[in-house]
Structures are given as C-alpha cells and as structure tokens.
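First comes the structure, then the notes that go with it.
The values are calculated or read from the model by the stated rules, or taken from the named source; none is laboratory data. Worth saying up front: this structure is predicted, and the values here are computed from it rather than measured. Neighbour counts are summed over all protein chains in view; Cβ atoms, including those assigned to glycine, are modelled from backbone coordinates with ideal geometry.
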C-alpha cells in the first residue's frame, strides 16, 4: 500500500508553452509491522502545444529515497522522467508515452526502477458505440548483482461498448497479460474475455471501463 501527494507551480511562457516545477512525496508501507519508507520526487515539466488538437509534455527530474535498503533499491538517488504526446482527432483521443520512474512493487513492500512505454486510444463510433484501446510494456532495471529480480510485463486491453438508453451500456472486453521470466519465477501469459452490463452514472458522457 502506498500514498502519494504532489505540489506544483506552473508558469506560462507564451501562447504555446508552459513550464512547471513539481514536487511529490510517496509513502510506501514495507511490511505488516508498520515499517514504511519515503521517496521524494522533484521535476521540471515543459508543456508545448503543437496545434489546437495536439500537445507534447516533457518531464525530467530526480528521486531520493533515504532508506534505500528498506526500499530494496541499489541507490538512494535516481533520475526519472518521460515524454507524453496527446492528439485529438475529431471526438477521438490518442495518448502515447514513455516514462522511467521509481515505483512500488505492490505486495512485496519494496520499490524498483521501471521504464514503461504505452499507448491509449478512446474512439467514439457514432452516437452509441465506443472503442477503447490500451497497451503498454514495462521493463524494470536489472539489479547491481546482475539478477532480474522483477519481471518485464505487457498488457493489452480492448473494449467495444454500446449505450443502452441513458443509464446502461453493454461492453465486450478482452485483455492479454504477459509477465516475463525472472531468476525465481517462470514466464506467465493470461487472456481474459468478458461481456458486461455497465451502469453509467448521471452526467457522464463516456461509458465506464473495468480497465480505468
């Protein structure tokens, strides 16, 4: 379990550019006896509007974990950052990103450095149909000992939904997950397919998805 808060200060540099300084703090519960550790994040973000329907975000910074041993990290300090591209095509929205950051390994009580590349698309198809797509590949860093303690993973998700009146929707969803091999765990592949009837809260335009 972890809790994270962030504080940012943004300044516009003109019609198309803005610059922000962001600080965040994450508290991760390490074990059942209540021990926890903190990770501090500080970064500089540059947001550039390419057009009325496209924007680019670039972030670079550093993280600091005082109790790196308890966190399972090789170093107290790590560089992190990434880039995100957003494009609006009519009513459709596309997001592509690459990011490197210290993240908690949920269920293990430690953290690790991970690089993630992903894409997400939300595509309305007429008045009632909507297609949602999501995919990413994540690869943790190898430890100083040369062991691959945490595995790489891939996640592909697709949902085709149709509104049924004002309050309900029918959604067909499929997901493929893959976890790579480590020094102690074998490779795992899994596929899930489901058909769901969803309740759409009043005032919400988009159909909810189990992956959000």
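Keeping to segment 1-34, report how many residues are out of contact with any strand residue (DSSP E or B) (no Cβ under 8 Å at 6 or more places or on another chain) and in contact (Cβ under 8 Å) with a residue 24 or more places away in the chain.
Residues meeting the conditions: 1.
Scan segment 67-80 and give yes if some residue there is touching a residue at least 24 places away in the same chain (Cβ under 8 Å), farther than 17 Å from residue 17 by Cα and within 20 Å of the chain's Cα centre (by Cα), otherwise no.
Yes, there is a match, as at least one residue in segment 67-80 is touching a residue at least 24 places away in the same chain (Cβ under 8 Å), farther than 17 Å from residue 17 by Cα and within 20 Å of the chain's Cα centre (by Cα).
Do we have any residue at all in segment 84-106 that's over 19 Å from the mean Cα position of the chain (by Cα) and within 18 Å of residue 21 (Cβ to Cβ)?
Checked against the condition, which is being over 19 Å from the mean Cα position of the chain (by Cα) and within 18 Å of residue 21 (Cβ to Cβ), segment 84-106 yields no hits at all.
Out of 83, 128, 96, 105, which single residue is surrounded by fewer than 17 Cβ atoms within 10 Å (Cβ to Cβ) and under 16 Å from residue 2 (Cβ atoms)?
Criteria check complete, one pass: 105.
For residue 119, all conditions in the list (1) free of Cβ contacts under 8 Å to residues at least 60 places away in the same chain; (2) surrounded by fewer than 16 Cβ atoms within 10 Å (Cβ to Cβ); (3) more than 15 Å from the chain's Cα centre (by Cα) hold save one; what is the number of the exception?
Among (1) free of Cβ contacts under 8 Å to residues at least 60 places away in the same chain; (2) surrounded by fewer than 16 Cβ atoms within 10 Å (Cβ to Cβ); (3) more than 15 Å from the chain's Cα centre (by Cα), residue 119 violates only (3).
Quick one: residue 157 ticks every box in (1) at pLDDT 95 or above; (2) more than 30 Å from residue 196 (Cα to Cα); (3) crowded, with 17+ Cβ neighbours inside 10 Å except a single one, so which number is it?
Condition (2) is where residue 157 drops out.
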